[in-house]
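Student: First, the structure itself, so that you have it in front of you.
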Amino acid sequence: MSTPIRADERHDDGPTFAPTAAFVADAVAGEDLHTAATADREAFWADQARSLLDWRTPFTRTLDWSDAPFARWFDDGELNVAENCLDRHVRAGNGDRVAIHFEGAPGDTRRITYAELTAEVHRAANMLTDLGVEQGDRVVVYMPLVPEAVVTMLAVARIGAVHSVVFGGFSAESLRARIEDAGAKLVVTADGGWRRGAVSPLKPAVDEALTGAGTDTVEHVLVVKRGGNDIAWTDRDLWWHDELAKAAPEHEAQAFPAETPLFILYTSGTTGKPKGIVHTSGGYLTQAAYTHRNVFDMHPEKDVYWCTADIGWITGHSYVVYGPLANGVTQVLYEGTPDEPQPGRWWDIVDSYGVTVLYTAPTAVRAAMKAGRQIPEARSLESLRLLGSVGEPINPEAWQWYRQVIGHDRTPIVDTWWQTETGAIMISALPGVTKLKPGAAQTPLPGIVAEIVDEEGHRVDPGESGYLTVTEPWPSMARGIWGDPDRFVETYWDRFPGRYFAGDGARLDGQGDIWVQGRVDDVMNVSGHRLSTAEIESALVGHEGVAEAAVVGAADETTGQAVVAFVILTAEAAEGVDRDAVAKELRDWVGKRIGAIAKPRQVVVVPELPKTRSGKIMRRLLRDAAEGRRIGDTTTLADPTIMATIAELM
Ligand code: WTA
C-alpha cells in the first residue's frame, strides 16, 4: 500500500457504488429531501423540527439571524430535550424496546429498555435537583463509557442545566481548566473504568483537579461505583447509588425555550486554550435527529445501531446520546477498546447483538487492516447493512477494505464530515440516494449549503482545492464560545465575511463532489481527535528543562497524523543528556499535562529550530523532516544548515 492518508485526486475517476435497488426500496431518505430543502430551506428545517421532535409550545419563528453569527432557531418554541429522548417513546408504546445494550470492557452486560432508562433519568433528575443543581448550572461529567454517563447527561438536560463532558483520558490539569472555565457546580465521575483487564482510576484526577485554582464553585462530586478501586474520600464526595436511592422516582419535566443551553464541549483550537463550544436545545436536537435518521437510514423498530465514539467527544454527544435516543433507536454501548482481551472483540460485539449500522473512525479501520483481515473474516458480520466513517478523511484504500472485509462488499459507507462546532453531520452521502465515491465526503446534506473558496473567498472551480466554508446558518450550529463571544466571531467568521470557516481544506472534483483534505490551521488530527500544536508546545515549555518547542502533525499510517515534537533543552538540562530518557520524560510530561492522547509519538532534541530571520518557526520544514521527506526550501532561514542537522537527529 502506498499509504495515501489523504483523499487524493488520483481517485476522482475510481470506482463508484450506486445504492442497490433493495436498499433504495427500504431507504428512509429519498431524493425528495433535496428537492424540499432547495425549494425553501427554512421551511424545510421547520418541517424537520416539527416532525422529528415533540414541542410543548410550538414555535412560530424558524430562524432569527439578525444578530449573526449568533443564530436563534425555533426560539419561541419550548421543549424538553430529555423527554424527547425518553418519555415520548414510552408513551408511544415502545417502552419495552431496548435503548442500550451495554457491554463493559470485562464482559459484564446490561440490557436497558426505554422504560428503564426513562425511570432512571427521572430519579437522576430529582437527585440533581436535591443536590442544588438548577436551570443554567454547569455539571462537569468525567466518566467511563457506562450507562450512568448517558443517564447523567439526560438528567442534566431534563432540568435545564448544562453539561460539559470531559473525556476520561484528559489529565487532572485539563479537567481543572475546564471546571474553572465552565464554573461547574457539580462534577460527576466514577471511581474508575475498565481498560484492558485493569481498572483505570478516574476519581484521583478529580481530587487533584479540585485542589487547583478556580475550582471552588464545585459543591459536590458524585461518584459512580464502577471500578471498585480504593479511592480517597472527602466530605464533598457522594456516592451516586446512595443519592439516587434517596431521590423520588417520578419527575415532571418542565419545558424550556429552544435556545436554552444544552451543553458546553471543549475542543482544541489554534491557541493554547481550549474553547468551550456552546450548543442549545431545539436546533441542536433537530439536526442531531435528522442526520441520524437520514444518514444512517434508521428504522428504529428493527435496527441495532452502534457508534463506537466516547461521550467525551461531539460524536458521542450527537450520535451516541442525542440522535439515537431522540429517534428511539436500539444501540450498543461498549466501554472497552477494539482488541481486548483479544483482537476481534468489536466484531464479536457486532455478531452478538446483531449490529446493523456501525459508525466509527478511519483510524480504527486502519488499525483493523493492520491486524489483518483474518480476524473479521473469522466472524459472521452478516447483520451489518450500513457503515459510517467520521473524524478525519478516510483514504480510499481504507474505505475499500472497510466495505469489502467488514461490509462483505455490499454495505454502503457514509463518510460524514462535521465538527464540534457544527454540532451534527453537514456533508455526507445519503445511502439510498448518493452514488458513493470512496474517500470523498461528497455532498452537503439537504438543508446545508457549503462551498469551497479561494484565498479571496471566491468559489473555486471544479477540480480545484480551497477552504471549506458554510454559507447559510444551520440549526445545530454552535451558539458561541462559552464566556468569549468575540473569540467565536474571530475564529470562525472573520476569515471570510458572511461565511463560517471550519479550518479544513477541501477539493471540489469534476462532478461537484467534496473531498475534505484536512486541517489547514495549527490543529492536528490524531486518531480522529483534535489536538492543538500550541497547546502541546505550551505544555512542553512548561517543563523546566525545555527552552523552546515546536510541534507538528506528521502523517501516520494508523493514526492519520501523529504528534512530533522538536525541543531545545535549557543549558543545564542539556548537560550530559541521555536523549532517550529526555524524550520519554517529555512524552510523559505532556501526557500528565494534557492527557495520554496528546503524547508525542516522537520527541526530538535539537540544538536550534528552523527560524526565519524574523524569528518565525517554519513548521512546514519540520513536517518534512518528521515525514521523512526531502526538506523543502531553507534559504529563508536564519541558519540554512539547521535542517540538515535536524534531519540527522530524526
Ligand atoms: C475532521 C468530529 C475529513 C476535520 C466530528 C474537522 C473530517 C475535524 C471528517 C473536526 C471527515 C471530521 N472527513 N475530515 N468525514 N470528519 N473531520 O470537532 O478536520 O472532533 O475539522 O469533530 O475533524 O473534529 P471534531
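The values are calculated or read from the model by the stated rules, or taken from the named source; none is laboratory data. Quick caveat, the model's predicted, so the values are computed rather than measured. Quick reminder, even Gly has a Cβ in these numbers, built from the backbone with ideal geometry, and neighbours come from all protein chains shown.
Student: Just the residues that are in a loop (DSSP other than H, G, I, E, B) and among the hydrophobic types (A, V, I, L, M, F, W, C), please, taken from the stretch 556-578.
Tutor: Val577
Student: So, of the residues in the stretch 373-418 that are more than 16 Å from the ligand (Cβ to nearest atom) and within 18 Å of Met298 (Cα to Cα), which turns out to be surrounded by the fewest Cβ atoms within 10 Å (Cβ to Cβ)?
Tutor: Checking each candidate, the answer is Glu382.
Student: For the subset of the stretch 515-534 comprising residues that are touching a residue at least 60 places away in the same chain (Cβ under 8 Å) and farther than 25 Å from Thr308 by Cα, which member is nearest to the ligand (Cβ to nearest atom)? So that I can check it myself, show each step before the final result.
Tutor: Step one: of the stretch 515-534, the residues touching a residue at least 60 places away in the same chain (Cβ under 8 Å) are 515-518, 521-523, 525-534.
Now restrict to residues that are farther than 25 Å from Thr308 by Cα: 521-522, 533-534.
On the way: Asp521: 9, Asp522: 12, Thr533: 14, Ala534: 16 Å.
Applying the filter and picking the extreme gives Asp521.
Student: Looking at the stretch 487-511, which of its residues are of a type in the set (Ser, Thr, Tyr) and either surrounded by fewer than 19 Cβ atoms within 10 Å (Cβ to Cβ) or modelled with pLDDT under 95 (or both)?
Tutor: Within the stretch 487-511, Thr491 is the sole residue that qualifies.
Student: Restricting to the stretch 457-472, give me the number of residues that are surrounded by fewer than 21 Cβ atoms within 10 Å (Cβ to Cβ) and of a type in the set (A, V, I, L, M, F, W, C).
Tutor: Residues meeting the conditions: 1.
Student: Inside the stretch 171-216, can you point out the residues that are surrounded by 19 or more Cβ atoms within 10 Å (Cβ to Cβ), of a type in the set (Asp, Glu) and over 20 Å from Ala232 (Cα atoms)?
Tutor: Asp181
Student: Can you find a residue that is away from the ligand (no atom under 14 Å from the Cβ), over 21 Å from Gly528 (Cα atoms) and not in a loop (DSSP other than H, G, I, E, B) anywhere in the stretch 299-317?
Tutor: For the stretch 299-317, residues away from the ligand (no atom under 14 Å from the Cβ), over 21 Å from Gly528 (Cα atoms) and not in a loop (DSSP other than H, G, I, E, B): present.
Student: Leu387 - would you say it is part of a loop (DSSP other than H, G, I, E, B) and at pLDDT 95 or above?
Tutor: So Leu387 fails the test.
Student: Check Asp484 against each of (1) out of contact with any Pro (no Cβ under 9 Å at 6 or more places or on another chain); (2) crowded, with 19+ Cβ neighbours inside 10 Å; (3) in contact (Cβ under 8 Å) with a residue 60 or more places away in the chain and name the one condition it does not meet.
Tutor: (2)
One line per residue, one yes/no per condition, for (1) in contact with a Phe, Trp or Tyr (Cβ under 8 Å, 6 or more places away or on another chain); (2) over 24 Å from Thr109 (Cα atoms); (3) in the same structural domain as Ala99 (by TED's automatic domain parsing); (4) not in a loop (DSSP other than H, G, I, E, B):
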residue	(1), (2), (3), (4)
Val355	yes, no, yes, no
Ala367	no, yes, yes, yes
Glu397	no, yes, yes, yes
His408	no, yes, yes, no
Thr411	no, yes, yes, no
Thr422	yes, yes, no, no
Gly432	yes, yes, no, no
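Student: Between Val449, Val453, Val460, which is in contact with a Lys or Arg (Cβ under 7 Å, 6 or more places away or on another chain) and in contact (Cβ under 8 Å) with a residue 24 or more places away in the chain? If you could, list the steps in order and put the result at the bottom.
Tutor: Numbers: Val449 fails: in contact with a Lys or Arg (Cβ under 7 Å, 6 or more places away or on another chain); Val460 fails: in contact with a Lys or Arg (Cβ under 7 Å, 6 or more places away or on another chain).
When all the criteria are applied, what remains is Val453.
Student: A follow-up question, please. Tell me the residue from Gly160, Gly107 that is on the phi > 0 side of the Ramachandran plot, surrounded by fewer than 18 Cβ atoms within 10 Å (Cβ to Cβ) and part of a loop (DSSP other than H, G, I, E, B), please.
Tutor: The unique qualifying residue is Gly107.
Student: Output the qualifying pairs, or none if there are none: Cβ atoms under 9 angstrom, residues six or more apart or on different chains, first residue in the stretch 324-347 and closer than 26 Å to Val151 by Cα and of a type in the set (S, T, N, Q), second residue modelled with pLDDT under 95 and crowded, with 18+ Cβ neighbours inside 10 Å.
Tutor: Thr337/Arg195
Student: Right, something else. Looking at the stretch 535-555, which of the residues that are assigned to a helix (DSSP H, G or I) and among the hydrophobic types (A, V, I, L, M, F, W, C) is farthest from the ligand (Cβ to nearest atom)?
Tutor: Val541
For (1) crowded, with 23+ Cβ neighbours inside 10 Å; (2) closer than 15 Å to Glu252 by Cα; (3) modelled with pLDDT of 95 or more; (4) touching a Lys or Arg at 6+ places or on another chain (Cβ under 7 Å), each residue gets a yes or a no:
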| site | (1), (2), (3), (4) |
| --- | --- |
| Leu86 | yes, yes, yes, no |
| Arg97 | no, no, yes, no |
| Glu120 | no, yes, yes, no |
| Val141 | yes, no, yes, no |
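Student: Here is a check on your reading of the model: is Phe74 away from the ligand (no atom under 16 Å from the Cβ), more than 26 Å from His163 (Cβ to Cβ), among the hydrophobic types (A, V, I, L, M, F, W, C) and modelled with pLDDT of 95 or more?
Tutor: Values: away from the ligand (no atom under 16 Å from the Cβ): yes; more than 26 Å from His163 (Cβ to Cβ): no; among the hydrophobic types (A, V, I, L, M, F, W, C): yes; modelled with pLDDT of 95 or more: yes.
In short, no.
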